[in-house]
Every structure is written in structure tokens, then in C-alpha cells.
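**Q** First, the structure itself, so that you have it in front of you.
The values are calculated or read from the model by the stated rules, or taken from the named source; none is laboratory data. Fair warning: this is a prediction, and the values are worked out from it, not measured in the lab. FYI the Cβ positions are ideal-geometry reconstructions off the backbone, even for glycines, and counts take in every protein chain you see.
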Amino acid sequence: MISIFRKIRQKLLSQSKISRYVIYALGEIFLVVIGILIALQVNNWNLERTNQKAEKKALQDLKEEFTDQAKRLDDARNRRELSITFFSRKLDFMKSGMIDSLIAYHPILNLGNTTLNAPNGVINSLISSGQINLISNDSLKYRLASWSEAVEDVREEEDNHFRFVATEFLPYLERNLPLTIVNFPITNSNSERLFYTENQVKDFYAKMIQELEYQNLCIMNTNWNQIAILEYNDLQKDLEQIRKLIDQELGL
């Protein structure tokens with residue numbers, strides 16, 4: 001094809017038909033430009049198709065990750081709510097003086113200072129690799145970029161609760177109860193008493209529950225759990241919006 005064009009060009013030049021040559025040259029340039037544009041368009045189509053496949057794969061991975069995080073969030077919330085119920089009943093027992101019932105509520109169990117283990121492997125990978133830009137929905141892209149920061153804010157509150165337990169609640173228990181009561185069940189697997197008689201354990205409890213400091217510690221621990229649940233609820237709203245947008249993009 002190139003040799004044919006060359007022969008035509010040489011023939012026109014030899015015949016001194018300059019105007020025809022110019023027209024021919026312009027036509028040749030036009031064909032070359034059209035060929036380049038077609039090639040670029042095909043390349044763009046291929047790139048767009050590749051990006052669409054990559055975006056769909058990323059959305060599917062995100063859907064799986066957020067389904068798992070929804071379960072983890074529910075589990076963390078349930079443990080916090082169990083702790084609130086635990087300490088509410090403990091405070092009721094203190095008011096009524098029901099020592100026998102209070103013993104069943106072991107002082108170290110159900111503090112609720114749990115951590116929301118919500119790994120963001122897919123999101124972090126998309127952000128670090130720049131593939132977050134594959135997400136065509138700007139609203140979804142923004143929420144994904146903000147998610148890790150929202151989770152980090154929740155973890156800061158969890159860390160504050162951990163510090164409260166480690167620096168205030170546990171030291172108080174260690175000062176007022178034998179470690180065999182604080183760290184272990186009162187009975188072993190054979191229902192045998194460990195170290196202290198039932199009356200001795202009651203005496204420890206009876207003294208401790210009358211102290212304002214212990215009552216305040218129980219109330220403060222409940223408050224920390226309530227704060228965490230409020231944080232979880234806000235995170236849950238963000239999570240539901242993200243999952244909704246992902247499903248929309250996947251056509252579900």
C-alpha cells in the first residue's frame with residue numbers, strides 16, 4: 001500500500017501537477033490522521049473495558065470486606081451491650097444488698113473493653129496503589145477514603161476505655177480483692193472452692209460494694225461502653241451507606 005502511494009506521488013511530481021499532488025498529500029495526511037484516531041479510540045475502548053473489569057473486581061472485594069466488617073461491628077456492639085447489662089444489674093445488687101447474687105457477677109468479667117477488629121485490607125490496598133480512582137462513583141469514593149479515619153476514631157475511644165480499665169478499675173480490684181478472686185473463678189471445674197470460703201468471699205464483697213469509689217468505677221465503665229456503642233452506631237450508618245452504594249454500582 002505504501003509503495004502504491006509512493007508511485008502515485010512520483011508520477012504526479014514528474015508530470016508537474018502540483019495542485020493534484022497537494023490534494024493527494026492532504027488526502028494521505030488525512031488518512032494517516034484518521035488511522036491514528038481510530039487506533040487511539042480502540043486503545044481507549046480497551047483501556048476503559050480493562051478499567052471497568054478492575055472496578056467491578058474492586059467493588060466485589062469491597063462488598064465482601066464490608067459484609068465481614070458488619071458482622072464484626074455487630075459482635076463488638078453485642079459485647080458492649082452485655083457489659084452494660086452486667087454492670088447495671090451489679091449496681092442494682094449493690095443497692096439491694098444482695099450479696100449472694102453479687103458474687104455470681106465476677107468483678108473482672110464483662111468489662112466490655114473490647115476492640116473493634118475491622119481490617120481494611122481492600123480499602124488500604126486501593127488507596128496505596130492509587131486504584132481508588134477506578135471507582136467511578138464519587139460519593140462512594142469519598143466514603144471509602146473517609147472510612148479508615150472513622151474506624152481510627154472509634155479505636156481511639158476504645159483505647160481510652162482500655163486505659164481506664166488498666167489504670168483505675170483493675171488497680172482498685174487488686175487493692176481490695178485477692179488476686180485469686182479477681183483473676184480466677186471462685187470455684188474450679190469440680191465446683192470446689194479456691195483458697196477462700198464462701199463467707200470470706202462475701203466479706204470481701206460486702207466491704208467493697210459499700211465504697212463509693214467502686215460504685216463510681218462501675219458507673220464509669222458503663223459510661224465508656226455507652227460511648228463506644230454511640231461510636232459504633234455512627235460507624236454502622238457509614239457502613240450501610242457504603243454497602244448500599246457498592247450494591248448500586250454492582251447493579252444489585
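**Q** Of all residues being in contact (Cβ under 8 Å) with a residue 24 or more places away in the chain and surrounded by fewer than 15 Cβ atoms within 10 Å (Cβ to Cβ) in region 120-149, which is farthest from PHE66 (Cα to Cα)? Just the residue, please.
**A** Checked region 120-149; the qualifying residue farthest from PHE66 (Cα to Cα) is SER136.
**Q** State all residues of region 52-91 that are touching a Lys or Arg at 6+ places or on another chain (Cβ under 6 Å) and either over 16 Å from ASN120 (Cα atoms) or not in a helix (DSSP H, G or I) (or both); if no residue qualifies, say none.
**A** Within region 52-91, no residue meets the criteria.
**Q** Could you tell me which of the residues TYR205, TYR214, TYR172, TYR232 is modelled with pLDDT under 80 and of a type in the set (Phe, Trp, Tyr)?
**A** TYR205
**Q** In region 201-252, what count of residues is obtained for those that are among the small types (Gly, Ala, Ser) and either within 15 Å of ALA70 (Cα to Cα) or not in a loop (DSSP other than H, G, I, E, B) (or both)?
**A** 2
**Q** Also, I was wondering about something else. Report, by residue number, each residue of region 65-80 that is over 15 Å from GLU231 (Cβ atoms), touching a residue at least 12 places away in the same chain (Cβ under 8 Å) and out of contact with any Pro (no Cβ under 9 Å at 6 or more places or on another chain).
**A** Listed by number, the residues that qualify are PHE66, THR67, ALA70.
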